[in-house]
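Values in this text are rule-based calculations from the coordinates and carry no lab data. Model, not experiment: these values are computed from the prediction. Note that each Cβ is placed from the backbone with ideal geometry, even for glycine, and that neighbours are counted across all protein chains shown.
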Amino acid sequence: MSKRKELILKAIYAHTLECLEDKQYDKLGMDASSLAMDLRLDRSNVSRDLNLLHQEGRLADQHYMFHASF
């Protein structure tokens, strides 16, 4: 797995765990734009990697919001 995909996956897992621990279920999920800004990466690369991670079964998506699939 590329370092960028690994970085994206770790960020989504951390965000998902934080939301679950705080019971902020309405804040679950992240989009490509938010991730790109948070990680200081190009949005199109983040979007491509999110789609690949979803195809690999590592992420679940719902209306363009991605969250960890445990």
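With labels modelled as points extended 7 Å from the Cα through the Cβ direction, what inter-label distance (nm, one decimal) is found for His54 paired with Asp22?
2.5 nm
If you keep only loop residues by DSSP, which trypsin sites (Lys or Arg not before Pro) in the range 1-50 have at most 14 other Cβ atoms within 10 Å of their Cβ? Provide the component values of the computation, followed by the final result.
Working: sites: Lys3, Arg4, Lys5, Lys10, Lys23, Lys27, Arg40, Arg43, Arg48; in loops: Lys23, Arg40.
Hits after loop and neighbour filter: Lys23, Arg40.
Apply the Karplus curve 6.51 cos²θ - 1.76 cosθ + 1.60, θ = phi - 60°, to the phi angles in the range 38-44 and return the couplings in whole Hz, x for Gly and Pro.
4, 9, 6, 10, 6, 4, 5
Full extension from Asn45 to Met1: what is 0.36 nm times the residue separation minus their Cα-Cα distance, to one decimal in nm? Display every interim value, and only then the final one.
On the way: separation 44, 0.36 × 44 = 15.84 nm, distance 1.43 nm.
The span from Asn45 to Met1 would gain 14.4 nm if fully extended.
Output the Kirkwood hydrodynamic radius of the chain, Cα pairs only, in Å rounded to one decimal.
Numbers: mean 1/r = 0.0843 Å⁻¹.
Every distinct Cα pair counted, the radius reaches 11.9 Å.
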